[in-house]
Amino acid sequence: MSQSVVRLKHADRLYIGGEWLPPSTDRRFEIVHPGTADIRLSVPEAREADMDRAVSSAREAFDHGAWPRMSLSERCACMLHWADMLDARAEDLAVAYTTEIGATIRSTRQNMAYMSSLIRHGVKLAEAFAFEEEMPVPGGKAVVTKEPVGVVAAIVPWNFPAHLGLIKMVPALIVGCTMVVKPSPEAPLDMILMAECADLAGFPKGVLSIVQADRDVGDRLIRDLRVDKVSFTGSTAAGRHIGAVCMDRVARVSLELGGKSPAIILDDAPMEAVVPRLVRMSTLISGQACMSLTRVLVSEAKAPALEEALAAAYAAIRIGDPFDETIDMGPLINARQRDRVEGYVATGTRQGARIATGGRRPTGLDAGFFFEPTVFAGVTNDMTIAQEEIFGPVISVIRYRDEGDAVALANDTPYGLNAAIFTEDADRFRDMAGRIRAGTVAQNALGPQINMPFGGFKQSGIGREGGVEAFELYTEVKVIYQAA
Ligand code: NAD
């Protein structure tokens, strides 16, 4: 297995309010590489006193600092500088991500190369966003303004921290908010590198803190009355709790949560086009992606052929050292996640589903947290594996009777994040897309695109990140009536 090195400039400090400060305790998070299960490095753990300091500096910077009072173009210039810094560290970001998550270095390099474009897109969208609109009213005019919401706490999960952190930081910072970002203990490295880049971009003191902490300290953050808005991405269970805490103190909150996304295969869709897309959209980051297409809905007539083709394609996936450029899929992030996936596979079998391929730890890869890509056939939508988010490379093939049944099955889930309909027929696609209750519906699994809004119906969340809609999450509406 490869031994790529993660280069951190401030391995013993925390990035609080734009400064690298010594942590309040000597507690540290160990970063275990999922490909080998060995500890690669450790980073400081933020505790209560560190989090308090981060919130204080964000509050001070919002209430009295320059950032919210700068012009939009001044803030955007700083953001663009940050984008340049990220470009310069793209390889470091890729190595860090593969080290902490185990995603293949091949996919990671592609992903990290576009991180800076999240900022550049955000800046372009901001130029078109209506921060102020005037309209005549009797006796004068009304000016509808969108002002920064204040101090934002951003809580980020482990599966794709750079991207998921940036889609919060970009709109929030552009509109003039100040921020405390809490990455998860499992994957703080990319966010620390983001902080190193931000440090060179010229943000005024206090504007940005990036402090890796465990959930108890995160819980303190969301309860802090000095925080105006909580932006959370993670599991539906944690999101439900965070939403309740925020509602109790009437803090603004947006939630990007889990998914159990369907792919409906209509009979006209060519199998040779469907299968590779399904494989790609269900094995990204070893299936640990919220938007994974994990329920494959197919007609009774086409099911046997699709099950066979999917099983063959899944069995051909090369699993191994994520730093090896020739492999297709790395390990799961940790032993806990692999146990969880194994538990679901056992439940699926117990409830009567049939493993068409996979279902075990691969032979010859004993050191890391590997699991075979797994296809379940003969699944019914009431089974646990069809209802709950597995967060691993496991898909279920479910048969439908007709198109109405396909739509009903697609919607028969507590989630509503992503969906795909495979067909060559544009009219049928548009008709069905209108009946699916999900934040994204894509023909033949096209997209999602970084400049478009993304988010969920039902228990997949509240609010949309990305696109112009993201600015709404970080602004308050104020109407100013001015006499003529
Ligand atoms: P998680 O809910 O366990 O944790 C997410 C983050 O929240 C972590 O930083 C964690 O430390 C923190 N956290 C948990 N409880 C908290 C609390 N009470 N107060 C403050 N912070 C708290 O999720 P995870 O296992 O890290 O990530 C996987 C989940 O994230 C999956 O369910 C996945 O679908 C979801 N996800 C959703 C999206 C989306 O855009 N909808 C994107 C990626 C991941």
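The values are calculated or read from the model by the stated rules, or taken from the named source; none is laboratory data. Model, not experiment: these values are computed from the prediction. As a convention, Cβ positions derive from the backbone with ideal geometry for all residues, glycine included, and neighbour counts pool all protein chains shown. Ligands, DNA and RNA are excluded from the accessible area calculation, which covers all protein heavy atoms including side chains. Shrake-Rupley method; radii C 1.70, N 1.55, O 1.52, S 1.80 Å.
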Whole-Hz Karplus couplings 3J(HN,Hα) for region 69-74, θ = phi - 60° and coefficients 6.51, -1.76, 1.60, Gly and Pro as x, run 9, 5, 6, 4, 5, 5
Theoretical ellipticity at 222 nm over the chain - DSSP helices of four or more residues, -39500 (n - 2.57) apiece, nearest 500: -12000 deg cm²/dmol
Let me know the charge dipole size of region 164-311 about its Cα centre in debye, to the nearest 20, where only the beta-carbon of Lys, Arg (+1) and Asp, Glu (-1) is charged. 660 debye
Quick check for me: using +1 on Lys/Arg Cβ and -1 on Asp/Glu Cβ, what's the dipole size of the chain about its Cα centre, in debye to the nearest 20? 580 debye
One finds, for ALA130 and ALA483 with R0 = 25 angstrom and r their Cβ-Cβ distance, a FRET efficiency to the nearest 0.05 of 0.60
Please list, or write none, the aspartates and glutamates whose alpha carbon is within less than 14 Å of the alpha carbon of LYS302, excluding same-chain residues fewer than 8 places away. ASP267, ASP268, GLU272, ASP402, GLU403
Net +/- balance of residues flanking PHE429 in space, Cβ distance below 12 Å, scoring K and R +1, D and E -1: -3
Antiparallel bridges, percent of DSSP beta bridges restricted to region 261-450 (to nearest 5): 10 percent
DSSP-defined antiparallel bridges as percent of all bridges, the chain, nearest 5: 45 percent
Could you check the simple spin-label distance between ARG280 and ARG69, using points 7 Å along Cα→Cβ, in nm with one decimal? 5.0 nm
How many Å² of accessible area per residue for the chain, probe 1.4 Å? 39 Å²
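Please report the net charge: other residues with Cβ closer than 14 Å to the Cβ of LEU166, K and R +1, D and E -1. Display every interim value, and only then the final one.
Details: positive: ARG89, ARG120, LYS168; negative: ASP87, ASP190, GLU256, GLU465.
Once all neighbours under 14 Å are counted, the net charge is -1.
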Using alpha carbon centroids, what distance separates region 280-341 and region 415-484, in Å? 26 Å
Using 0.36 nm times the number of residues separating GLU388 and ARG240, minus their current alpha carbon distance, what extension gain do you get? 51.7 nm
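Find the relative contact order for the chain and round it to a whole percent, using C-alpha pairs within less than 8 Å whose residues are 6+ positions apart.
This gives 18 percent for the chain.
Which value, in debye to the nearest 20, gives the size of the charge dipole of region 254-395 about its Cα centre, when Lys and Arg are +1 and Asp and Glu are -1 at the Cβ? If you can, show how the numbers build up before the last one.
Details: 13 positive and 18 negative charges, 63 e Å.
Its charge dipole is roughly 300 debye.
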DSSP loop GluC sites (Glu not before Pro) in region 308-348 with at most 14 other Cβ atoms within 10 Å of their Cβ, which ones? GLU325
Using alpha carbons only: equivalent-ellipsoid semi-axes of region 261-450, gyration tensor based, whole Å: 27, 17, 15
Computing the accessible area with a 1.4 Å probe over protein heavy atoms, can you report the carbon and sulfur percentage for region 261-450? 50 percent
Give LYS146/LYS260; LYS205/LYS478; LYS9/LYS182; LYS124/LYS260 a once-over and call out the pairs whose C-alpha atoms are over 25 Å from each other. LYS146/LYS260; LYS205/LYS478; LYS124/LYS260
Antiparallel DSSP beta bridges within region 123-227, percent to nearest 5: 45 percent
State whether region 180-252 is rounded, prolate or oblate according to the following rule on the C-alpha gyration tensor (a ≥ b ≥ c being the square roots of its eigenvalues): a/c under 1.5 gives rounded; otherwise a/b larger than b/c gives prolate, and the remaining case gives oblate. oblate
Does region 2-119 classify as rounded, prolate or oblate by the C-alpha gyration tensor (a ≥ b ≥ c root eigenvalues; a/c under 1.5 gives rounded; else a/b over b/c gives prolate, otherwise oblate)? oblate
Rounded to the nearest 0.05, what FRET efficiency do GLU424 and ALA37 give with R0 = 51 Å and r taken as the Cβ-Cβ distance? Could you check? 0.65
Of the candidates GLY259, GLY330, VAL441, the farthest towards the positive dipole end of the chain (Lys/Arg Cβ +1, Asp/Glu Cβ -1, centred on the Cα centre) is GLY259
Would you please classify the overall shape of the chain from the alpha carbon gyration tensor, given that a ≥ b ≥ c denote the square roots of the eigenvalues, rounded means a/c under 1.5, and beyond that prolate means a/b larger than b/c while oblate covers the rest? oblate
Loop only by DSSP, 13 or fewer other Cβ within 10 Å of the Cβ. Give me the GluC sites (Glu not before Pro) in region 218-302 that pass, ordered by residue number. GLU300
